[in-house]
Amino acid sequence: MANLKDIRNIVLLGHGSSGKTSLAEAILHTTGTINRLGSIDEKNTVGDFDDEEKEHGYSIHSALIHADHNGKLINIIDTPGYPGFISPSLVSIPAVETAVVVISASAGIEMNTRKLFQAATNANKARIIVINKMDSDNVDLAELVKQIQETFGQQCRCGNLPTADKSSVIDCIGNQDGESPVMDVAQAHTDLLESVIEADDELMEAYLGGEEVSPEKVAQVFVKALLAGTIVPVIFTDARKEVGIRELLDLIANCTPSPVNVPPAKLINGEETTEVKADPNGPFAGHVFRVGFDPRSNMKYTSIRIFSGSLDTGTGLMVNDAKKPIRPGHPLQMQGTEIKEVDKGVCGDIVTLAKLDELKLGDLVHDGKFAGKFETCPLPKPMFALALEPASRGDEGRISAALDKLTAEDACFVVSHDTQTKELVINGMGDLHLRVMLSKLENRYKVNVNTKPPKIPYRETITGKGEGHYRHKKQSGGSGQFGEVYLRIEPIQRDSDPSLEYNWDIFGGSIPGQFEPAVLKGIHDVMSAGYLAGFPIQDVKVSVYDGKYHAVDSKEVAFRAAGKGAFMDALSKARPSLLEPIVDIEITIPAENMGDITGDLASRRGRVSGQDMLAGDMMVIKAKVPLSEISNYNSQLKSVTGGQGSYEMELSHYDPTPPNVQQQVIDQYNKEKQAEHE
């Protein structure tokens, strides 16, 4: 059982195919944790154990592994790299102290590399950059280091350098001798030293005064410099040949922060913030950052980072604000898909629990002494959607159960049932993301579905003011129904939360207060069902200011109908308008296709906002485009780029829909309603 100061928690981040899983495999082999080095090609790595991962040749889930080096327990979270599977990367960052961002020497700085480096920076994590596959042919490593410094800052300094034949590396932290084709070793040592001691005023003053700074003093201040961001070490490795791996391990074990070195984790509970100190003897608090299902048994495993106290079989585990504790069972330690029981999970460590259906990603687990949620990285909103239908009758229940498991694993895979369109819709980060999820449905859960493009999630709003009135009167023998409502509406700020601003401005008892909830229900009925084309209404202020009631006939059902009717009447006078979703899209294409793609985006009412050049004559085009214009974009992009193009998108905002498009949507809605009635 590791002491708090001897634990190192790291997450491997980076674009797909940068070599993260191979790097993790090399770490396990170099430390003697495994006796045979696996490979992606042979489908036998510890990290990629899922059948889908083996088939596709890249990571889909995060994997937990651990190794011991120089007396330190190193917990490693190996995460997927392709943008469609960004969720496991983002939810893993809060569980560690150090982010290791892996860059392929041959591919250079790719799109997801930038996003994940920035996410780790925003989360105030110590960062290391690993240039993997350094033996790649025709690669200018010196130019790549320059690009890294231009992209991520001059604090990116080489911690080692490859030799001329790339068969080994030269340590630059404690060494000033040797030759490298990348840069002068002595200069690399000086640059690194100056960036490290920048974090310590006293050491900097001594250095500027001409004093010799010992390696021991550099080591002492290294952790402080990593956390302050004055140094981001750049480490060269070749995971397949295990070159540079031991030097990386030395850096992690000796120079990266333990849980005791970092500021306390923060729990957010409304407007209150509570610091959770890393105290082994304190009350228990942990954060759920990974949920997975065993590919063979489908057993649920939930992984927790412990920020305070300890966890054993006797711990009464509280989940969020639940009042009743649950029993956790035996804490487990995971090595890929292999598990072993441990006596207890300790502060600073990562443990896994089995068979706890109550636990979800992002949950706070504690012993009753905490409340709120731990700080997490913002997740992008998945905008790529498909509507599902069972391929066989009677499969609805099996589909629902399988989708529940898939959403539990991936925070960016969302399932919804559209009450307006009666469609079961899945949302993900892109075509690749949803294709893999559909493959899991078929192969893992033996469920077949048919897919089709879903309806675009338009919204409705108003652009002017309006007054509405409605009298609901029904007399059919016996007790009748009566309710009358007057109200005013006006637009409020776009994308307001909540989308309805409501005031009850009744004075003098013209409507008794007991009927206010019924009036509000009627208004909400319209807000959800829409007025123009059946889409939810947003950004409206409603003020109910007058009405009438009957001492005998007034009932809740009457005032609900009156509230609904008055709101509809006001909407008809307030210039109702349709809003369309606008997405931020990043399209990766060969540079030679730039003109074709930008022209195509313009024809789809898109606005290009920027572009970045990538390695290998590839580039990224950034644009804002109406979602309705790119519902079939995948096939078009593949056609134009010869299959080399890919894209990711997320919701940006809602904009007014052009009049011609709005009328088309309304006409289609009316046509469908008429068909239903017939």
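Can you list the residues, at least 5 places off or on another chain, whose amide H is less than 5 Å from the amide H of Asn160, using H built in the peptide plane?
Amide H to amide H, under 5 Å and 5 or more residues apart or across chains, Asn160 pairs with Cys172, Val234, Phe236.
Have a look at Ala142, Ile666, Ala123 and report the one farthest towards the positive end of the charge dipole of the chain, computed about the Cα centre with Cβ charges (Lys/Arg +1, Asp/Glu -1).
The listed residue farthest towards the positive side: Ile666.
Per Stokes-Einstein, at 4 °C and 1.567 mPa s, what whole-number D in µm² s⁻¹ belongs to segment 581-660, with the Kirkwood radius over Cα pairs as the hydrodynamic radius?
On the way: Rh = 12.8 Å.
The Stokes-Einstein estimate is 101 µm²/s.
Provide the gained length on full extension for the span Ala142 to Asp612, in nm with one decimal, where the gain is 0.36 nm per separating residue minus the Cα-Cα distance.
On the way: separation 470, 0.36 × 470 = 169.20 nm, distance 2.01 nm.
That pair, Ala142 and Asp612, stretches by 167.2 nm at full extension.
Test of understanding: what is the full-extension gain from His653 to Arg471, defined as 0.36 nm times their sequence separation minus their Cα-Cα distance?
Additional length available on full extension: 61.8 nm.
For the chain, calculate the relative contact order in percent as a whole number, restricting contacts to Cα pairs under 8 Å that are 6 or more residues apart.
Numbers: 1515 pairs, mean separation 69.8, N = 678.
In percent, rounded to a whole number, it is 10.
On alpha carbon coordinates alone, what is the Rg over Rh value for segment 460-574, Rh being the Kirkwood radius?
When Rh is taken as the Kirkwood radius, the ratio is 0.99.
Treating the angle as unsigned and between 0 and 90°, give the value, to the nearest 10°, between the Cα long axis of helix 215-228 and the longest Cα principal axis of the chain.
Helix 215-228 sits roughly 10 degrees off the main axis of the chain.
Looking at segment 183-330, what % of the alpha carbon pairs are farther apart than 21 Å?
Beyond 21 Å sits 64 percent of the P(r) for segment 183-330.
For the residue pair Lys355 and Ala186, what label-to-label distance in nm results when each label sits 7 Å from Cα along the Cα-to-beta-carbon direction?
About 6.6 nm, to one decimal.
On the first, second and third principal axes, largest extent first, how far apart are the outermost C-alpha atoms of segment 185-256 in Å?
44, 24, 19
Which of the GluC sites (Glu not before Pro) found in segment 273-349 are loop residues per DSSP with 12 or fewer other Cβ atoms within 10 Å of their Cβ?
Passing both the DSSP loop test and the Cβ count: no residue.
Hey, what angle do you get for helix 659-677 against the long axis of the chain, alpha-carbon based, 0 to 90 degrees rounded to 10?
Once rounded, one gets 60 degrees.
Quick one: Arg459, Arg444, fewest Cβ neighbours within 10 Å first, how do they rank?
Listed from fewest to most nearby Cβ atoms, that is Arg444, Arg459.
Projecting each Cα onto the charge dipole of segment 460-574 (Lys/Arg +1, Asp/Glu -1 at the beta carbon, about the Cα centre), which of Val542, Val485, Ile462 comes out farthest on the positive side?
Value: Val485.
Report the relative contact order of segment 39-164, percent, no decimals, based on alpha-carbon pairs under 8 angstrom and at least 6 residues apart. List each step's numbers first, then the result.
Numbers: 137 pairs, mean separation 20.0, N = 126.
Relative contact order comes out at 16 percent.
Multiply the residue gap between Ser214 and Ala551 by 0.36 nm, knock off their C-alpha separation, and tell me the result in nm, one decimal place.
The Ser214-Ala551 span can extend by a further 112.3 nm.
Along each principal axis of its Cα atoms, how long is segment 75-149 end to end? Whole angstroms, biggest number first, please.
Largest to smallest, the principal-axis extents are 37, 24, 22 Å.
Mind checking the dipole of segment 384-455: about its Cα centre, +1 per Lys or Arg Cβ, -1 per Asp or Glu Cβ, Debye to the nearest 20?
Computed about the Cα centre, the dipole is about 160 debye.
Hey, what's the per residue convex hull volume over the C-alpha atoms of segment 450-500, in cubic angstrom?
198 Å³
Just from its helices, what would the mean residue ellipticity at 222 nm be for the chain, if runs of 4 or more DSSP H residues each count -39500 (n - 2.57) and the sum is divided by every residue, rounded to the nearest 500 deg cm²/dmol?
Calculated at 222 nm, the ellipticity per residue is -8500 deg cm²/dmol.
Given charges of +1 on the Cβ of Lys and Arg and -1 on the Cβ of Asp and Glu, with all other atoms neutral, how large is the dipole of the chain about its Cα centre, in debye to the nearest 20?
Approximately 2820 debye in magnitude.
How large is the charge dipole for segment 460-574, taken about the Cα centre, if only the Cβ atoms of Lys, Arg (+1) and Asp, Glu (-1) carry charge, to the nearest 20 debye?
420 debye
Taking +1 at the Cβ of each Lys and Arg and -1 at the Cβ of each Asp and Glu, which of Gly178, Thr151, Leu203 sits farthest along the dipole of segment 135-242 towards its positive end, judged by Cα position relative to the Cα centre?
In segment 135-242, that residue is Thr151.
Once you compute Rg and the Kirkwood Rh from C-alpha atoms, what is the Rg to Rh ratio for the chain?
1.04
Through the Karplus equation 6.51 cos²θ - 1.76 cosθ + 1.60, θ set to phi - 60°, convert the phi angles of segment 512-521 into ³J(HN,Hα) values in whole Hz; use x for Gly and Pro.
These are the phi-based 3J(HN,Hα) values: x, x, 5, 9, 4, x, 5, 4, 5, 4 Hz.
I want to verify the translational diffusion coefficient of segment 384-455 in µm²/s; compute it with Stokes-Einstein, Rh as the Kirkwood radius over Cα pairs, at 4 °C and 1.567 mPa s.
107 µm²/s
Projected area of segment 4-255, taken from the Cα convex hull and averaged over every viewing direction, in nm²?
Answer in nm², one decimal: 12.9.
We did not get these values from a lab; they are worked out from the coordinates using the rules stated. Note that the coordinates shown come from a computational prediction; the quantities given were computed from them, not determined experimentally. Every residue, glycine among them, receives a Cβ derived from its backbone with ideal geometry; neighbour counts consider all protein chains shown.
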